[in-house]
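Notes for the one structure printed next.
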Amino acid sequence: MTKETLVLLPGMMCDERLFAPQVKHFSERYFVMTPSLNNASSIEAMANLCLAQLPDTPVNLAGLSMGGIVAMQMAVNAPDQIKRLALLDTNCKADAPERFEIRNIQMEKVRAGQLREVIIEEMKPNYVAEQNRSNQDLLDLLVEMAMDVGAEAFMNQSLALRDREKLCGRLFDISCPTLVMCGEEDRLCPLAFHEEIASFVPDAELEIIKHAGHITTLENPEAVNAALEKWLKRKPMN
């Protein structure tokens, strides 16, 4: 029997290590792909690059944060290629107006060689739940991923997020079984964002992950894996 494909799209300045617990858990039963989102400077271009890599049969597509935005774009652009959709700790809105200047300042700092400082400055208050702020291994991994992804990708991804279009109104057309997942303490993309997404997608289920902030896949991987297991068993409404 041919394995189904599970595609995992990482958030900004992350790579496949963001999904290490999920890859370990699912790789025996699914063909797992973790495409890079480093080489394009718009959400549309990222979505098109990922779609070009997909097999001929529809895939199970999950994305976290920026990866979730790209996954939404893929689902509205090519619905026939998506069997199931999972949107983790993400946002269907355009970038908030106040983020425009913040992103520009961050890009200037990164051009000046301050990538590590920018990542740490952004990460400390926003990325993980209160109880995980003392998890130095997790914090070190987030910085290590960002440094490995590199300054060029930071510039590309910052532009893509800064200039993205609102996707909320297009989510009504997504008909596949959809999981909307949120860390209970996600400060970047709070619960209200996910309640809104779930209200737009006809076949959506909302899952809240306890003891987690924005990086649910690493903060509480057991709960995330359990939610994904349930999602991967769901059948289409029609």
task = List Tyr127, Tyr30 from most exposed to least, where exposure is judged by having the fewest other Cβ atoms within 10 Å.
result = Tyr30, Tyr127
Cut-off 17 Å (backbone N to label point 7 Å along Cα→Cβ of Lys166), residues of segment 76-118 = 91-100
task = Using only Cα atoms, find the angle between the long axis of helix 43-53 and the longest principal axis of the chain, and express it within 0 to 90 degrees, rounded to the nearest 10.
result = 50 degrees
query = By how many nm would the segment from Ala20 to Leu138 lengthen if fully extended, with 0.36 nm per residue of separation less the alpha-carbon distance?
reply = 41.3 nm
ask   = Taking Cα atoms, how many degrees apart are the long axis of helix 136-149 and the longest axis of the chain, rounded to 10 and kept between 0 and 90?
value = 90 degrees
inquiry  = Within the chain, count lysine pairs with alpha carbon atoms under 25 angstrom apart where the residues are 8 or more positions apart or belong to different chains.
reply    = 22
message = I need His25, His211, His194 ordered by Cβ neighbour count within 10 Å, fewest first.
response = His211, His25, His194
request  = Treating the angle as unsigned and between 0 and 90°, give the value, to the nearest 10°, between the Cα long axis of helix 191-200 and the longest Cα principal axis of the chain.
outcome  = 40 degrees
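How do the peptides 223-229, 38-44 rank, highest first, by the average count of neighbouring beta carbon atoms within 10 Å per residue? Provide the component values of the computation, followed by the final result.
Working: 223-229: 18.6, 38-44: 16.9.
Sorting 223-229, 38-44 by mean packing, highest first, produces 223-229, 38-44.
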key: Residues Phe100, Phe19, sorted so that the one with the fewest Cβ neighbours within 10 Å comes first   = Phe100, Phe19
message = Once you keep just the Cα pairs under 8 angstrom separated by 6 or more residues, what percentage relative contact order results for the chain?
response = 24 percent
task = Tell me what the chain gives for mean residue ellipticity at 222 nm when only DSSP H runs of n ≥ 4 count, each as -39,500 (n - 2.57), the sum divided by the residue total, rounded to 500 deg cm²/dmol.
result = -14000 deg cm²/dmol
task = Write out the trypsin sites (Lys or Arg not before Pro) in segment 1-98 meeting two conditions: DSSP loop, and at most 14 other Cβ atoms within 10 Å of their Cβ.
result = Lys3, Arg29
query = Can you give the FRET efficiency for Ala226 and Met147, using 1/(1 + (r/R0)^6), R0 = 30 Å, r = Cβ-Cβ distance, to the nearest 0.05?
reply = 0.45
inquiry  = Charges at C-beta only: +1 for Lys and Arg, -1 for Asp and Glu. How large is the resulting dipole of the chain about its Cα centre, in Debye rounded to 20?
reply    = 420 debye
inquiry  = If you take every DSSP beta bridge fully contained in the chain, what fraction is antiparallel? Give it as a percent rounded to 5.
reply    = 0 percent
key: Length-normalised contact order for segment 155-238 - Cα pairs under 8 Å, 6+ apart - percent   = 31 percent
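Any read-out appearing in this document is the output of simple, stated calculations on the displayed coordinates, not a laboratory observation. Bear in mind the structure is a predicted one, so any value in this text is a computation, not a measurement. All Cβ positions, even for glycine, are placed from backbone atoms using ideal geometry, and neighbour counts span all protein chains on display.
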